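Heads up, the thing below is written out as structure tokens.
Here, each number is a calculation from the coordinates, and none is a lab measurement. Computed from a predicted structure; not experimentally measured. When we count neighbours, we look across all protein chains shown, and the Cβ atoms used for this are built from the backbone with ideal geometry, even at glycine.
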Amino acid sequence: MKPPTAALVAVLALVAGCAAAPGLSPSASVTTTMQGWEHYFRIESTPTPKAGGTEIEGYVHNKYGRPATVRLLGQALDASNNVVGQRIVWVPGGVPQLSRAYFKISGLPPADHYRVTVWSFDITDTDSSHRRF
């Protein structure tokens with residue numbers, strides 16, 4: 001039997017790495033599945049205390065020339081940057097190209113400060129297909 005070639009080993013490593021991504025869960029150090037999301041999006045947000053928790057609302061700005069479907073990660077953090085609560089939400093209706101969309105993340109506990117990041121996104125091509133980033 002012939003040993004595996006370098007190309008086969010590289011492909012198997014790539015597949016194994018991709019398989020691990022769906023099991024990824026947010027934490028204090030893992031805030032996105034999409035490294036470099038800041039190149040495509042900008043987030044402005046404001047936390048507001050509400051009955052039953054804190055609500056973060058704001059806008060996701062799409063700096064890219066195509067619309068996108070976006071999931072956000074909202075995190076409540078203590079003074080030492082430990083996560084005390086978190087939620088992943090879809091931006092309703094997606095984010096239009098070169099525009100912005102409103103979002104709301106409800107039900108976070110009271111905390112020292114809050115963080116919102118893009119957890120994942122799909123760019124919508126003009127032919128209605130999607131490219132996953």
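Here are the numbers for the structure shown:
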{"read-out": "Full-extension gain in nm, Arg42 to His61, via 0.36 nm per residue minus C-alpha separation", "value": "6.3 nm"}
{"read-out": "Magnitude of the charge dipole, the range 26-132, Cβ model with Lys/Arg +1 and Asp/Glu -1, debye to 20", "value": "160"}
{"read-out": "The range 26-132: relative contact order as a whole-number percent, Cα under 8 Å and 6+ apart", "value": "32"}
{"read-out": "Projected label distance in nm at Gln97 and Ser27, using a 7 Å step from Cα toward the beta-carbon", "value": "3.9"}
